[in-house]
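Reading through the structure tokens given below for one structure.
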There are 2 protein chains.
Amino acid sequence: MTVDRDQVLRTAAALLSRKATATMDEVARAAGIGRATLHRHFAGRHSLVKALEDLGIKEFEAALEAARLDDGTAEDALRRLIAEVEPAAPLLAFLVTENQLFEGDQMHEGWNRLDARVSALFRRGQEQGEFRIDLTPAWLTEALYGLVGAGAWSVQEGRVAAKDFQYMIAELLLGGARRSVEQ
Amino acid sequence: MTVDRDQVLRTAAALLSRKATATMDEVARAAGIGRATLHRHFAGRHSLVKALEDLGIKEFEAALEAARLDDGTAEDALRRLIAEVEPAAPLLAFLVTENQLFEGDQMHEGWNRLDARVSALFRRGQEQGEFRIDLTPAWLTEALYGLVGAGAWSVQEGRVAAKDFQYMIAELLLGGARRSVEQ
DNA sequence: CCCACATGAGACATTCGTGTCTCATGTGGG
DNA sequence: CCCACATGAGACACGAATGTCTCATGTGGG
């Protein structure tokens, strides 16, 4: 009977990441609830977007914790991160795409902190000789976001099987498309 | 004096890809023109988006031609494609992100055709033993789009130098972040 | 079994973006 | 030098989306 706030937010993220101009009514329908109910839980579009932002940052932060980025090889840590991030992928795709939230160069401080942690992982990998040093940590971070978004959309549209999500992203990000001699 | 239609569209793409809900007024300001002038050149938001779609598809098609995807190794062809696509990257980022254009499962037929050509390149690479076969052509295609978008945004926000755009994308997509033994 | 409460549907006023118009300005070409 | 014309600014009406409200419904807990 009571609305599942979490499920509403995930549905909204999936919709809004592909159609940012969707109306509140469309969001409500997509979540299977009435527009009035949506308004009761989120006082207006701004509030909804803010909730998406908060949930996305919270889940990404939890994924960063769960992945234990400082343990083991950087590669293993990155694979763990991708695995942990998967459930939040549509949410992440929305946040990465829509940085209208961060208007006026007043980027969300929480986001910067998370950014720094991902970047630090890539830097660690470089310092330990695991990762290439000609691709900057900043780019690898952005690329990870881009691939997570692309993966979420591909799964959403059935172009990639959901079970392959982690593998496709991790393998491409780490090994690339080229067939290596060592395989 | 006269408006540079092309420049307006590129500015609009850069803005709308990051803030899809931007108003016509914001688009006009970003392009450095008045709202009335924007309306004189594009009769309404729908018309503007359509123009962006048309220009994006046209430029991507031209890039595909110029890259001669069937010539030489698949890797070289892919590098050429990335190089040719660079000027249209913000436009592509907009198109990939905003598939609200293709509402009601009536996806733009032109886009499907272009998709197929990129996908065919990856398939050729696999058949010739250049590319890994465990990453599907569909995923590699989506990943290319995702990385082009991430690259365009990174350059736009100064996180990656414009001169590194091609290199960063091509190297990551082909070789990945892992330091290979052959280097 | 009944009541409290959350929901869905819909009415309503308001806000905001849109699309059209006019008019003054200024520039570029003839 | 002057005129034609594109532009910028702003006024205006319209329409769509928003935000608030009421009321009927149905469910879940006590």
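Structural remarks
- Taken together, A:Leu91, A:Leu78, A:Leu64 contain a single residue that is away from DNA strand C (no atom under 16 Å from the Cβ), within 15 Å of the chain's Cα centre (by Cα) and closer than 20 Å to B:Arg18 by Cβ, which is A:Leu91.
- Criterion: in contact with a Lys or Arg (Cβ under 8 Å, 6 or more places away or on another chain) and either open to solvent by 20 Å² or more (accessible area, probe 1.4 Å) or at the interface with chain B (Cβ under 7 Å from one of its Cβ atoms) (or both) - qualifying residue of A:Ala138, A:Ala162: A:Ala138
- Those residues of the range A:17-33 which are open to solvent by less than 70 Å² (accessible area, probe 1.4 Å), farther than 21 Å from B:Lys19 by Cβ and either modelled with pLDDT under 95 or not in a loop (DSSP other than H, G, I, E, B) (or both), in sequence order: A:Asp25, A:Ala28, A:Ala30, A:Ala31
- B:Ala36 within 14 Å of DNA strand C (Cβ to nearest atom), in contact with a Phe, Trp or Tyr (Cβ under 7 Å, 6 or more places away or on another chain) and not acidic (Asp, Glu): no
- Matching residues, the range B:62-81, being hydrophobic (A, V, I, L, M, F, W, C), part of a helix (DSSP H, G or I) and away from chain A (no Cβ under 12 Å): B:Ala62, B:Ala63, B:Leu64, B:Ala66, B:Ala77, B:Leu81
- Here A:Leu48 passes the criteria (1) in contact with a helix residue (DSSP H, G or I) (Cβ under 8 Å, 6 or more places away or on another chain); (2) open to solvent by 30 Å² or more (accessible area, probe 1.4 Å); (3) within 16 Å of DNA strand C (Cβ to nearest atom); (4) within 14 Å of chain B (Cβ to nearest Cβ) except the one numbered (2).
- Residue, most open to solvent (accessible area, probe 1.4 Å), within the range A:115-132, restricted to residues that are without any contact (Cβ under 8 Å) to a residue 40 or more places away in the chain and within 8 Å of chain B (Cβ to nearest Cβ): A:Gly129
- Within the range B:141-159, the residues that satisfy the criterion of being under 13 Å from the mean Cα position of the chain (by Cα) and either more than 15 Å from A:Gly175 (Cα to Cα) or at the interface with another protein chain (Cβ under 7 Å from one of its Cβ atoms) (or both) are B:Thr141, B:Glu142, B:Ala143, B:Tyr145, B:Gly146, B:Leu147, B:Val148, B:Gly149, B:Ala150, B:Gly151, B:Ala152, B:Trp153.
The values are calculated or read from the model by the stated rules, or taken from the named source; none is laboratory data. Keep in mind it's a predicted model, so treat the numbers as computed, not measured. Here the Cβ is made from the backbone with ideal geometry for all residues, glycine too, and neighbour counts use every protein chain on show. These area figures cover heavy atoms from the full protein model, side chains too; ligands, DNA and RNA do not enter into them. Shrake-Rupley method; radii C 1.70, N 1.55, O 1.52, S 1.80 Å.
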